[in-house]
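The values are calculated or read from the model by the stated rules, or taken from the named source; none is laboratory data. The shown structure was predicted, so the numbers you read here are calculated from the model rather than taken from an experiment. Cβ placement follows ideal geometry from the backbone for every residue including glycine, while neighbour counts extend to all protein chains displayed. Just the protein is used for accessible areas: all its heavy atoms, side chains included, with ligands, DNA and RNA removed. Shrake-Rupley method; radii C 1.70, N 1.55, O 1.52, S 1.80 Å.
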2 protein chains.
Amino acid sequence: MFHGLSAFPLTPLKAGKFDEQTFINLLRPLVDAGVDSLGVLGSTGSYAYLTVEERTHITRCAVEHANDIPVMVSIGALRLDDILRLAEHAQKAGASSVLMAPVSYQRLTTDEVYSLYETVTRQLSVPLCVYDNPATTGFEFSDELMFAVAALPNIGSVKMGRMPEDVSQVRARLPKTVTLGISGDWRAASALQAGFDVWYSVVGGLFPRAALAIAHSEDGTESERLAPLWALFRRYGSLRVMAAAAEMLGKVEAPALPFPLQAIQGEPREALAAILAELKLA
Amino acid sequence: MFHGLSAFPLTPLKAGKFDEQTFINLLRPLVDAGVDSLGVLGSTGSYAYLTVEERTHITRCAVEHANDIPVMVSIGALRLDDILRLAEHAQKAGASSVLMAPVSYQRLTTDEVYSLYETVTRQLSVPLCVYDNPATTGFEFSDELMFAVAALPNIGSVKMGRMPEDVSQVRARLPKTVTLGISGDWRAASALQAGFDVWYSVVGGLFPRAALAIAHSEDGTESERLAPLWALFRRYGSLRVMAAAAEMLGKVEAPALPFPLQAIQGEPREALAAILAELKLA
């Protein structure tokens, strides 16, 4: 399942609670467009803000409406017992794979991160995608650590938050069973052209056809078209931008994000409205 | 309550669960030494890793054993409804004040942080200490934001993670009812000499007499004596160092920290053993 376009939908809230029907409505166009996988409850899906019970319920709902498209869900949490419960529930709910970042309050050490993946992968029956996201975890994988973790059992993919200088060298040091994934939508086209296998995509969670066009494009033009959107992603965070887009397009009720997180407002929101009108994304 | 020495004890775990008797044993020397307040469930008390229910139970236990020393507890959490529940439970349990950092997964914006404090302080009946801890939250308060938050109702103190260039200027811009607190034990002596009111102390949570000696010292010599310990704090994080100290002194069972966090091991642990033997802290 770790190839092509993995689309990461929002998890819409309504008065602070999971809004199930709106979530199902967000999944439908992804399924219809034929994305390669669904990345449910990723950072874009606000997993860190939801309880184990909410996440289990949302996973079940996603699998039920995925129409056999493989579903990946994040099991990241601060505490090991929560991670293991999330993994068990995800597997029972029919998730095809799980995603895990080294979530922290006290920023983790290299040894702690390795121990965490070692402990968790030992107990999995589905493959895990290693999630390097320094912006949210405060932890940046060294190449050495990433290769060591990738060599653990049950690792299916790595989701890198940066472009390595030499992709073929990274590939050569990864086990053959582990695919190479990129996050950060603005660098996806370059990464896919450089030989990455999979794009873990935020924009694809709301505009799957635009993301598929980028993924299938042989040059960078489809991605360049979205440059104004990428600029907003980089400045305000893709989550706050996509939440505003979904609100403005009537796809979710405002506020869709867990307080105190806020969709972009004011000037950047107006800029986004103009971009959406211009690009006519779908 | 926001003056002098506020001692932050560890929250010891045993097989991943709160170890109540060991916690009570950690509180006793703090009460006997006469610290000015207890900062229970701070970062040193692993609050972010514990459930609302565990935190409520620990708060009750602390108040019961504090012998009328005021107890401050952290109500920080990712989600507003958890924060409000924690605040309500803390107040009911008899906490004298609450502490809150802008905890995040998605790093917060200035507007989001202000909204968060505005919303939470509106619902408090005890004063709140504003907790600036960029290392754990990824968010650094600007002076402007700190002054704006400090002017909200029910703010009692600010816990600054850095030394301002001009303390008297900071003081002049804070409401008169808001005390100025320092964290980062290595800078506490200088901060108190520069006119800070309160030291939110990690070392004081295990070695209250050593911390009181620093707080009462008219020059920096008592703090300088602990320079080798401060060096370990800065390099490995005070939590991992204090957990190792408590383990080595038989005050808590190893591992006392929530996995994957680990007390320092190997060479730094040996260095710590030598420091403890040399300094004979109490």
Result of the Cβ filter at 6 Å on the stretch B:209-232, keeping first residues that are aromatic (F, W, Y) and partners that are at pLDDT 95 or above, at least 6 apart or interchain, is B:W230/B:W186
Residues of the stretch B:235-252 being open to solvent by 40 Å² or more (accessible area, probe 1.4 Å) and either within 14 Å of chain A (Cβ to nearest Cβ) or under 20 Å from A:R79 (Cα atoms) (or both), in sequence order, are B:R235, B:Y236
Does B:S190 meet the test of being of a type in the set (S, T, Y) and under 24 Å from B:I83 (Cα atoms)?
no
Which one of these is crowded, with 17+ Cβ neighbours inside 10 Å, within 14 Å of another protein chain (Cβ to nearest Cβ) and without any contact (Cβ under 8 Å) to a residue 12 or more places away in the chain: A:P255, A:P260?
A:P260
Just to confirm my filter: which helices (runs of 4 or more DSSP H) fall fully inside the stretch A:67-164 and include at least 3 residues that are within 14 Å of chain B (Cβ to nearest Cβ), open to solvent by less than 30 Å² (accessible area, probe 1.4 Å) and under 26 Å from A:E54 (Cα atoms)?
A:110-121
So, of the residues in the stretch B:165-209 that are surrounded by fewer than 23 Cβ atoms within 10 Å (Cβ to Cβ) and of a type in the set (D, E, K, R), which turns out to be nearest to B:G4 (Cα to Cα)?
B:D197
Of the residues in the stretch B:272-282, those that are buried (at least 16 other Cβ atoms within 10 Å of the Cβ) and at pLDDT 95 or above come to B:L272, B:I275, B:L276
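Okay, residues lined up against (1) under 20 Å from B:I83 (Cα atoms); (2) not small (G, A, S):
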| position | (1), (2) |
| --- | --- |
| B:A15 | no, no |
| B:L30 | no, yes |
| B:V52 | yes, yes |
| B:R55 | yes, yes |
| B:I58 | yes, yes |
Taking B:D19 and the conditions (1) among the charged types (D, E, K, R); (2) within 15 Å of B:V71 (Cα to Cα); (3) open to solvent by less than 20 Å² (accessible area, probe 1.4 Å), which numbered condition does it fall short on, given that it satisfies the others?
(2)
Taking A:A194 as the residue in question, decide whether it is in contact with a helix residue (DSSP H, G or I) (Cβ under 6 Å, 6 or more places away or on another chain) and farther than 30 Å from B:R79 by Cβ.
yes
From the list A:F8, A:F2, pick out the single residue that is under 26 Å from A:S157 (Cα atoms) and within 14 Å of chain B (Cβ to nearest Cβ).
A:F8
So which residues in the stretch B:44-64 are open to solvent by 60 Å² or more (accessible area, probe 1.4 Å) and away from chain A (no Cβ under 13 Å)?
B:H57, B:R60, B:E64
